Structures are given as C-alpha cells and as structure tokens.
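The values are calculated or read from the model by the stated rules, or taken from the named source; none is laboratory data. Fair warning: this is a prediction, and the values are worked out from it, not measured in the lab. Ideal geometry is used to build each Cβ from the backbone, glycine not excepted, and the neighbour counts take in all protein chains shown. Just the protein is used for accessible areas: all its heavy atoms, side chains included, with ligands, DNA and RNA removed. Shrake-Rupley method; radii C 1.70, N 1.55, O 1.52, S 1.80 Å.
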Amino acid sequence: MNVEALKDLLYKMADDQLVLGHRNSEWTGFGPLLEEDIAFSSMAQDKVGQSWQLYKILNELGENDPDTVAFMRNADQFHNCQFVELPNGEYDFSLIRHFLFDTAELLRFQFLSESSFEPLALLAKKIKGETKYHSMHANIWVKQLGSATEESVSRLQTSLNEALPYALGIFEESKFEDDLITSGIFKGEAVLKEAWMGEITKILNKSSLSLPDLTSIEPITGGRNGIHSEHLQPMLDEMSEVFKVDPTAEW
Amino acid sequence: MTNSVEEIREWLEEVKDPEIPVLSLNDLGVITGIQIQDSGKVVVDMTPTFTGCPAMDVMKQDVVDVLTKNGIEDQEVRVTFETQWNSNLISDKGRKALADFGLAPPPKHNMVVDIDIIERASCPHCGSDNTEMNTPFGPTLCRSIHHCNNCGETFEQFKPV
C-alpha cells in the first residue's frame, strides 16, 4: 500500500468536508426559512464531524492531531477543491453547490465503502448513510425550485452555469491516481466523474434546468495541489481565530 | 473477582444518552462489544450514531466512569466504526422509552433508507400515522421534524439511518 497516495486521498476529502462544512455553518441564523437554516447547520455539523474522523485516520498514519491539522495550516497547505471554498453567495448558489458537490460526495463514499483500506471502508459505510440525507435534501429543492417560477428557474440556471467549471474541479486527478486504483483503495476520479454526470443529469431532467455540454467547459483546478482562490485564507483565518488565541487550551 | 459480560452490560444500563436521558446506551445500540480478556482487562467498544455526534465524548467518559466505579481498573473504551450504527439497533425497550419521551422511534427498515422511509412516522402523542414530514433536519443530528394531521401537534422523530 502506498501510504503517500492514501494520505493524499484522505487530505483532499477531509479538507473538502471541513471547508464546505464551515461554509454551510455560515448559513446558521441566515437561512431563507427556518427549516433551511437548520438543514444547512445540520449538514455543517455532519461534514465537520466527518472531516474530524478522516483527520483521525491521518493521525493514525503519522500526521498531526486533527485540531492542529484543521486549524494551524495555511491555505496553500489545504487540498480541498476550490468549489467548496467559494463564498455562499445567495441561496441559489449555495443550493446548486450543495447539489453538485454532495452528489459527488455520496458516490465517492459509496465507492469507498468497498475500499481495500479497511479503516476508510468502515468510515465510508457510516458517512454514506449520513450523506444520503444531504443528497436527498438537495435533490428535492433542485427539482422543486428548478421548476417553480421564472425567477427561481433563472436564478438556479445562472448559478448552475457559474458553478459547473468549479464543480468539474472536484475531479482533479492526483499524481497517485494509478496507485489508488491498482491497490483497490479508490476507483479514481474519472470513474467518479462519470457516475456523477449520470446522477446530476437524472435529477436535472426532472426540472426545467438544462445542463450545458460539460465537455465544452474548462474545469477550474489547482485546489488539490494547494492552489486556491482569494477566498480560502480569510475563511481559514476566521475559522481558526478562537483556536489560535490559545492552541493548547483544553476544550 | 471476575465479572461477566452480562454483569458489565447491566452496569452500563445507567449510562444514558445525554441528549435523550431516558435511553440507555445499551438500548440505543451504541455499545457494540464487551470483551473480558484473559488478563482480566475489560474492553468496551462503542460506535457513534452520527459521525459528528457531539455527545460521543461525554458518553465515552460516562462508560469509563461506570467501569471505574465498579472496580474495573484495567479497562479500555474504544470508539470504532467496525460495526456501523443503524437505527434498527435500537432495542424494543428503547423504542418504547423514546415514544414515552415524546420522540417517535425510527421506522424499521431493510437498510435502504429512502424518502418513503424517512417520511413515515407515527405521532408519539396520539399514535396516528396520518403525519407528514416538515424537515429531515432537526434540533440534533439524529432528529427530524414532523407534523401530525390528526392531533395537530408537531413532533420529532429519531431519524432512520
């Protein structure tokens, strides 16, 4: 087993969960209706909890403890895709991101529940059950608002078009892709992307939204290698502000 | 003195879910293993209901305290995902305790949790099945919010997972 390949995979997934979890938590108190406020807050808690468990596996592989890893790194040490770090924008953008990302997330953990690396397979079996709720939530709203009023449809369509280049960046391949596939740890980003396209097409077909031709869109990549937008560092600064006051404090 | 697994399980009856104080960890199904090694060391395995459950550390400490109180010094309490918790693991006694507490127990399922399963809830106040789901996300990770069309009450359900 190639430990470096495994760590690379774990870091990018843990960072995705942490960063999107934090973004989701920014909806707390600001949701367009109470149920959505609670939904995004709840999904935030799930995703941050999942990131913690992934960082714990990394810790067992010799990396620093989860709190240090989460709070003490700078943006260029994060491996999340740029998609998750983008500001929430208006609800339509957050909803579309939630739909596009969580569809991929659910498929990813479904695949990983069969991983040859047992600690990850066991955790993935747990996470996929939780993520199912997230994905169902997104699908219901995309179908409803994606075929409701002229304004809701046009807002979601605009957000969808803006989000897609970033969404394709979820599947940025790592230099360890072949290692992960041949060792049975993960089926690989290409397989995941294929499955994701099938799923999002299926849901969008039940709405008035249209999916642009994905082959003509240039993915926005770099996140997996520490290259980020100007939005990540300020978010990390805010997220770690309290922790950094006294990193040795017992909570 | 040697203790039996059954005896240790009995001690753990007093450890309750801090967010649902009527439900013991045994009945919740989060105690996934009790093992007494040849050396006498007691190993208790636990698994969280939800990955991000903030009550896990408290529950783990409560288990440690109960073992210590009963004179078990050589002990280890592990949080593992070797057995993944699912809501079918809640015992019949636990399901009744939930309903008495005003929290609808999760519908049993065949491990395929879809929208039909999630929406199904019996009102813990009047027992009616004529209910609808308001939102699958509630005040804690493990609860959804429903409304009863029969008695008009809004209630929470322990989510099926």
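Within segment B:53-82, which residues are open to solvent by 60 Å² or more (accessible area, probe 1.4 Å) and either assigned to a loop (DSSP other than H, G, I, E, B) or at positive phi (or both)?
Result: B:PRO54, B:GLU73, B:ASP74, B:GLU82.
Which one is farthest from the other protein chains (Cβ to nearest Cβ), of the residues in segment A:115-137 that are open to solvent by 30 Å² or more (accessible area, probe 1.4 Å) and touching a residue at least 60 places away in the same chain (Cβ under 8 Å)?
Result: A:SER116.
One residue is enough: does segment A:47-54 have a residue meeting the conditions within 14 Å of chain B (Cβ to nearest Cβ), of a type in the set (D, E, K, R) and under 12 Å from the mean Cα position of the chain (by Cα)?
Within segment A:47-54, one or more residues are within 14 Å of chain B (Cβ to nearest Cβ), of a type in the set (D, E, K, R) and under 12 Å from the mean Cα position of the chain (by Cα).
Looking at this structure, is A:ARG155 more than 14 Å from every other protein chain (Cβ to nearest Cβ) and either open to solvent by 30 Å² or more (accessible area, probe 1.4 Å) or within 19 Å of B:THR135 (Cβ to Cβ) (or both)?
yes
Residue check: is B:CYS142 hydrophobic (A, V, I, L, M, F, W, C) and farther than 19 Å from A:LYS132 by Cα?
For B:CYS142, the condition - hydrophobic (A, V, I, L, M, F, W, C) and farther than 19 Å from A:LYS132 by Cα - is not met.
Starting from segment A:162-191, take each residue that is surrounded by fewer than 16 Cβ atoms within 10 Å (Cβ to Cβ) and list its partners that are part of a helix (DSSP H, G or I), counting only C-beta distances under 6 angstrom and pairs at least six apart or across chains.
A:GLU173/A:GLU189
Within segment B:136-161, restricting attention to residues that are open to solvent by less than 20 Å² (accessible area, probe 1.4 Å) and without any contact (Cβ under 8 Å) to a residue 60 or more places away in the chain, which residue is nearest to the other protein chains (Cβ to nearest Cβ)?
Of everything passing the filter in segment B:136-161, B:PHE137 is nearest to the other protein chains (Cβ to nearest Cβ).
Considering only residues that are open to solvent by 10 Å² or more (accessible area, probe 1.4 Å) and basic (Lys, Arg), which ones fall in segment A:11-31?
Residue satisfying the conditions is A:ARG23 alone.
Name the one entry in A:LEU232, A:LEU209 that is closer than 24 Å to A:LYS132 by Cβ and open to solvent by less than 50 Å² (accessible area, probe 1.4 Å).
Being closer than 24 Å to A:LYS132 by Cβ and open to solvent by less than 50 Å² (accessible area, probe 1.4 Å) holds for just one of A:LEU232, A:LEU209, which is A:LEU209.
Taking interchain pairs and intrachain pairs at least six residues apart, which have beta carbon atoms under 7 angstrom, with the first residue in segment B:39-65 and closer than 21 Å to A:ALA44 by Cβ and the second β-branched (Val, Ile, Thr) and part of a strand (DSSP E or B)?
As it stands, the answer is B:PRO48/B:VAL79; B:MET56/B:VAL79, since those pairs meet every condition given.
Take the conditions among the acidic types (Asp, Glu), in a helix (DSSP H, G or I) and crowded, with 23+ Cβ neighbours inside 10 Å and apply them to A:ASP8. Does it pass?
So A:ASP8 does not fit the description; no.
Would you say B:ILE117 is touching a residue at least 40 places away in the same chain (Cβ under 8 Å), surrounded by fewer than 21 Cβ atoms within 10 Å (Cβ to Cβ), under 29 Å from A:LYS128 (Cβ atoms) and not basic (Lys, Arg)?
yes
Got a number for residues in segment B:83-135 being within 14 Å of chain A (Cβ to nearest Cβ), of a type outside the set (Val, Ile, Thr) and part of a helix (DSSP H, G or I)?
5
When you look at A:ILE140, is it at pLDDT below 95 and either open to solvent by less than 10 Å² (accessible area, probe 1.4 Å) or in contact with a helix residue (DSSP H, G or I) (Cβ under 9 Å, 6 or more places away or on another chain) (or both), yes or no?
Yes.
Is it the case that A:GLU63 is under 21 Å from A:GLY223 (Cα atoms) and open to solvent by 20 Å² or more (accessible area, probe 1.4 Å)?
For A:GLU63, the condition - under 21 Å from A:GLY223 (Cα atoms) and open to solvent by 20 Å² or more (accessible area, probe 1.4 Å) - is met.
Mind listing just one residue for me: the one in segment A:212-229 that is within 20 Å of the chain's Cα centre (by Cα) and hydroxyl-bearing (Ser, Thr, Tyr) and, of those, most open to solvent (accessible area, probe 1.4 Å)?
Across segment A:212-229, the extreme among qualifying residues is A:THR221.
Can you tell me which residue among A:LEU34, A:LEU58 is buried (at least 17 other Cβ atoms within 10 Å of the Cβ) and either more than 14 Å from chain B (Cβ to nearest Cβ) or in contact with a Ser or Thr (Cβ under 9 Å, 6 or more places away or on another chain) (or both)?
The unique qualifying residue is A:LEU58.
Yes or no: segment A:91-112 includes at least one residue that is touching a residue at least 24 places away in the same chain (Cβ under 8 Å), in a loop (DSSP other than H, G, I, E, B) and open to solvent by 10 Å² or more (accessible area, probe 1.4 Å).
Checked against the condition, which is being touching a residue at least 24 places away in the same chain (Cβ under 8 Å), in a loop (DSSP other than H, G, I, E, B) and open to solvent by 10 Å² or more (accessible area, probe 1.4 Å), segment A:91-112 yields no hits at all.
In the list A:ALA44, A:ALA5, which residue meets the criterion of being without any contact (Cβ under 8 Å) to a residue 40 or more places away in the chain and within 28 Å of A:GLU63 (Cβ to Cβ)?
From the options A:ALA44, A:ALA5, the qualifying one is A:ALA44.
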